[in-house]
Amino acid sequence: MLYQTLGVVDHLKIYGAYLKIENAIEWYGDRQSSLQVSNDGHSGIGKLQMSRDEHDYSILNPVFNGTVFEDLISEYKLFRTRLMWVKSKSCYSIHKDKTKRVHIPLMTNEQCMFLFPDKVELIHLPAGYSYLVDTRESHTFCNFSDSDRLHLVGCTDII
């Protein structure tokens, strides 16, 4: 199974919490932010160094202390959690991750989709739910729309 719904979430409440701290968030690369860092303060954005394990990124970034983001990390037992924007009319390269990911769409639309080329599947994850996505399979994410997309994404050991 490529993905499953984990539960209902109040994405508007989460997005509202995001807006309250947006100016304090440090962004990297193509608008990604680390909610969790390593014990030496490194961000978990982008491709990790070979010597790093995704579990190393488990210390909450102080910007997110006392927020719904801290609650979600705890509830889903997440590590290497990030906020990830995908610009309109763009997509990632095809890749495989080492762990499954929990995705919580905060801003999305029907033209934002995962593509799993080996399975020949396009999957849209509507806002209002949390999802477990098996990103250990070859995949990419495509935003075919005119609007940017925002997801909360965390690594998980949920099997």
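For the stretch 75-159, the solvent-accessible area of protein heavy atoms averages 45 Å² per residue (probe radius 1.4 Å; ligands and nucleic acids excluded). Here the stretch 113-159 exposes an accessible surface that is 52 percent carbon and sulfur, computed with a 1.4 Å probe and the other protein chains kept in place. The label point for residue 23 and the one for residue 159, both projected 7 Å from the Cα toward the Cβ, are 4.8 nm apart. Here the chain is treated as a Stokes sphere of Kirkwood radius computed over C-alpha pairs; at 20 °C and 1.002 mPa s its diffusion coefficient rounds to 136 µm²/s.
For the chain, how many pairs of lysine residues have a Cα-Cα distance under 23 Å, where the two are 8 or more positions apart or belong to different chains? Count of close lysine pairs: 18.
Set the Förster distance to 41 Å, then compute FRET efficiency between residue 5 and residue 40 from the Cβ-Cβ distance, nearest 0.05. Walk me through the numbers before you get to the answer.
Working: r = 36 Å, r/R0 = 0.87.
Step by step, r from the Cβ atoms, then E = 0.70.
The 1.4 Å probe gives accessible areas that order 27, 85, largest first, as 27, 85.
The values are calculated or read from the model by the stated rules, or taken from the named source; none is laboratory data. Note that the coordinates shown come from a computational prediction; the quantities given were computed from them, not determined experimentally. Cβ atoms come from the backbone with ideal geometry, glycine included; neighbour counts cover every protein chain shown. Side chains included, ligands, DNA and RNA excluded: accessible areas come from the protein's heavy atoms. Shrake-Rupley method; radii C 1.70, N 1.55, O 1.52, S 1.80 Å.
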